[in-house]
Every structure is written in structure tokens, then in C-alpha cells.
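Beneath this line is the structure, given in C-alpha cells, with notes to follow.
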Amino acid sequence: MRIIAGIHKGRTLKSPAWDGLRPTSDRLRETLFNILAPRIDNARVLDVYAGTGAVAIEALSRGASAAVCIENHRRAAALIAENVALVGEEARCMIVRDDAGRALDRPMPGGPFDIVFLDPPYDLVNLSEMVSLAATHRAPGGLLVVEHASRRPSPLLNGTAPARVVRAGDSTLAFYA
């Protein structure tokens, strides 16, 4: 896993040494940030189910002003902290170690956010509920992006389909304006 562009371009991040964590691939992250490019400069980014922190770190590398990572798994949160320290972004990246639903159900430090990225486990039962909770943390004009399994339809947000859907193999990115 590497940072694709920006001030940390080419830096290699640590990957999980255990099963059960599915980091967003470099290729899918590149697609995501090609689409987000006009919005990323000085953006505040919320990365929910952050895993390795790669999405948040990529955002910071490309010019985001701050990022908050939500991760419940103890080892994953420690991995995010290692990766953030590896690129020297401790001052601009906060890690919230908590259940995503519980964290999103209350005000989030650093919010509201210009970009909210939600990458839950692909078998998450209450995906629509999590999408609705995540959407409440968007700033006016903010964007919500949900990564989900291509085998499942993109969730609706308050009855509305995503504005844009990009499929890449087993993964789909759904964009809600």
C-alpha cells in the first residue's frame, strides 16, 4: 500500500498482519481521488471504518486540511497511528477509537466535514442506517462516498440514489452530493 500523489507520494504504508481487514486498494483509492480532486484542497475529511488510515492519509497528502479516522478495532487503530506517524501527520489527523455507529451518533470533533468516506465491512447488515448517520456529518455542499461490495446495490440516502456510482471489480464507490 502506497500513497499515490501529493506531498507524501510514493511513501509505503504498513498493511495489516492479520485477516479481517480489507484495505481500499491503491487502484480504487486512485480512482476515488481522481474524482475528489476538485474538492480536496483544504477539505476536512472523515474516514469511517478507517482500517489502515490510507484514505485519510492520501487526502492529507493531496491537500486536505484535516482528517478524522473512526476505527473500533484496537489493532487497526494502532496501525492507523503508526501510518500517520510514518508520514508525520499527527497534527492534522485525529483517530477516534469507537464503534462507528456510536461515534456517528454524536457530534464529531473537527466536523462538519467536506468529505465523508464510509468503507464498512462488505457484509454489514445495517448499511443504510450507517449511510444516514454518516451523512449527518457533512458540511453544507459536502460529499458522502460509500465503498461497498459490487454484488450489492448502492444504498439509498433518505430515499435517494447516489449521484454517481463507479464500479471497480468487487468494489463500488457510491457518491452522494
Starting from the Cα of Asn158, step 7 Å along the direction of its Cβ; do the same at Ser15; then give the gap between the two resulting points in nm.
4.0 nm
Please find, in a Gaussian network model of the chain (springs between Cα atoms separated by less than 10 Å), the residue of Gly101, Gly111, Gly159 whose mean-square fluctuation is greatest.
Gly159
Points 7 angstrom from Cα along the Cβ direction at Ser65 and Ser150: gap in nanometres?
3.7 nm
Just for the chain, what percent of DSSP beta bridges are antiparallel, to the closest 5?
40 percent
Under a Gaussian network model of the chain whose springs join Cα atoms within less than 10 Å, the largest fluctuation of His137, His148, His73 belongs to His73
Dipole moment magnitude, nearest 20 debye, the chain about Cα centre, only Lys, Arg, Asp, Glu C-beta charged:
280 debye
Net length gained if the chain between Ser132 and Asp170 were fully extended (0.36 nm per residue, minus Cα distance)
11.4 nm
Could you tell me which residue out of Ala37, Met1, Ala163 lies farthest along the dipole of the chain toward its positive end? Charges go on the beta carbon: Lys and Arg +1, Asp and Glu -1, centred on the Cα centre.
Ala37
Subtracting the Cα-Cα distance of Ala139 and Ala85 from 0.36 nm times their residue separation yields 16.7 nm
Hz values of 3J(HN,Hα) by residue in region 56-71 - Karplus curve (6.51, -1.76, 1.60), Gly and Pro given as x
4, 5, 4, 4, 5, 4, 8, x, 4, 7, 7, 9, 10, 10, 10, 8
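Rule-based calculations on the coordinates, nothing more; no lab input. Please read all numbers here as calculations on a predicted model, not as lab measurements. All Cβ positions, glycine included, derive from the backbone under ideal geometry; neighbour counts span all protein chains shown.
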